[in-house]
Amino acid sequence: MRILLAEDDSLLGDGLRAGLRQQGFLVDWVRDGPSAERELATDAYDAMVLDLGLPGKDGTAVLATARKSGHATPVLVLTARDAVSERIANLDGGADDYVVKPVDLFELGARLRALVRRAHGQTEELIEMHGVVLKPASREVLYAGQPVQLSGREFDLLHTLMLNAGRVLTRDQLEQHLYSWGQEVESNAIEYHVHHLRKKLSPTLIETVRGIGYTLPRVRKAIA
C-alpha cells in the first residue's frame, strides 16, 4: 500500500515513515499543505495520513479542497487537537478516521489497512479468491492451503490486483501503487513480477488484457 504522509514535525514524520515502512507500507512524506494538496491531486495513493497543523495551508483546508475536487482517497487525520468539536468537524468534512497524537504505530497501520479495505468494499481482513488467501497485516499468502513465499513487490502487486478484482489496471497504475519516490522502475518491472506470480501461484490467476494491462477476474472463465 502506498501512503501519503503529510506531517511538518521532522522527528515525528521520520518516526511515522520508518514505522509504517517496517509494516510494509510505501510512504511518501510531505511537510506542508500545498505539497500535500499537489501530491494528492497528481499521484495515486491508497490512503493519506494528514496532520492538521501544516504550514502554508492547514490540513482541514487541504482535506476540504480534496473532497470538493472529488478525490476519494481515504484520509486519516492525525493531530494533537483532541476537542470533540474538532473531531466532528473534520469527520463531517470528509476525513475517514481521526487519531489524536501520540499514536501507536501498529494501531496506525491497522487503521490504514482498515481504511483501504473499506474503500475497496472489503469487509474482512483476509482476501480470498481463486484459492489464494492474502493476509495484509502479516503479509502472508496461501495458495491451496499452502504458504507461498513472495517478494515485497510481488505481494504488493497481488494485493493491488485482488483489491481491484475485476478491474483492468494499466502498467502505469500498477507502478504508482508499487513504487514510491526515488525508487527506480525498470521498463519491464510489472511484467517481471506478473510472470513470477503466475509461476508461484497459478498461470491463469492474472489475465493480460492486450494493449491495456492486467486484471484478476472475479470469476474464472470456464475452460472448454
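Nothing in this text is a laboratory measurement; each read-out follows from the coordinates by a stated rule. Since the model is a prediction, treat every value here as computed from it, not as a measurement. So basically every Cβ, Gly included, is an ideal-geometry build from the backbone, and we count neighbours across all protein chains shown.
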Task: Charge tally in the Cβ shell below 13 Å around Asp32, where Lys, Arg are +1 and Asp, Glu are -1, Asp32 excluded - done: -4
Task: Distance between modelled label sites at Val133 and His196, nm, 7 Å Cα→Cβ extension - done: 2.4
Task: Rounded tilt (10° steps) of 10-22 against the dominant C-alpha axis of the chain - done: 20
Open item on the list: Using alpha carbons only, how many angstrom separate the centre of the stretch 133-202 from the centre of the stretch 1-71?
Closed with: 24
Open item on the list: Below 8 Å between Cα atoms, with a sequence gap of 6+, how large is the relative contact order for the stretch 127-215 in percent?
Closed with: 27
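Given the -39500 (n - 2.57) contribution per DSSP H run of 4+ residues, what per-residue ellipticity at 222 nm results for the chain, rounded to the nearest 500 deg cm²/dmol? Could the numbers behind the result be given before it?
On the way: 8 runs with 89 residues, N = 224.
Calculated at 222 nm, the ellipticity per residue is -12000 deg cm²/dmol.
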- [ ] Would you list which lysines come within 24 Å of Lys57, measuring only between C-alpha atoms, while excluding same-chain residues fewer than 8 positions from it?
- [x] Lys68, Lys101
Open item on the list: Once the cut-off is 31 Å, how many percent of the Cα-Cα pairs in the chain end up in the long-distance tail?
Closed with: 24
Task: Gain on full stretching of the segment that runs from Val209 to Glu86 - 0.36 nm per residue minus C-alpha separation - done: 39.6 nm
Open item on the list: Tell me which of Gly70, Gly109, Leu134 sits at the most positive position along the dipole axis of the chain, charges placed on C-beta atoms (Lys, Arg +1; Asp, Glu -1).
Closed with: Leu134
Open item on the list: Take the chain, mark every one of the GluC sites (Glu not before Pro) that falls in a DSSP loop and has at most 12 other Cβ within 10 Å, then report the longest stretch left between them, sites excluded.
Closed with: 1-123
- [ ] May I ask what percent, to the nearest 5, of DSSP beta bridges between residues of the chain are antiparallel?
- [x] 45
- [ ] Run the dipole for the chain about the Cα centre, Lys and Arg Cβ at +1, Asp and Glu Cβ at -1, nothing else charged, and hand back the magnitude in debye, nearest 20.
- [x] 980
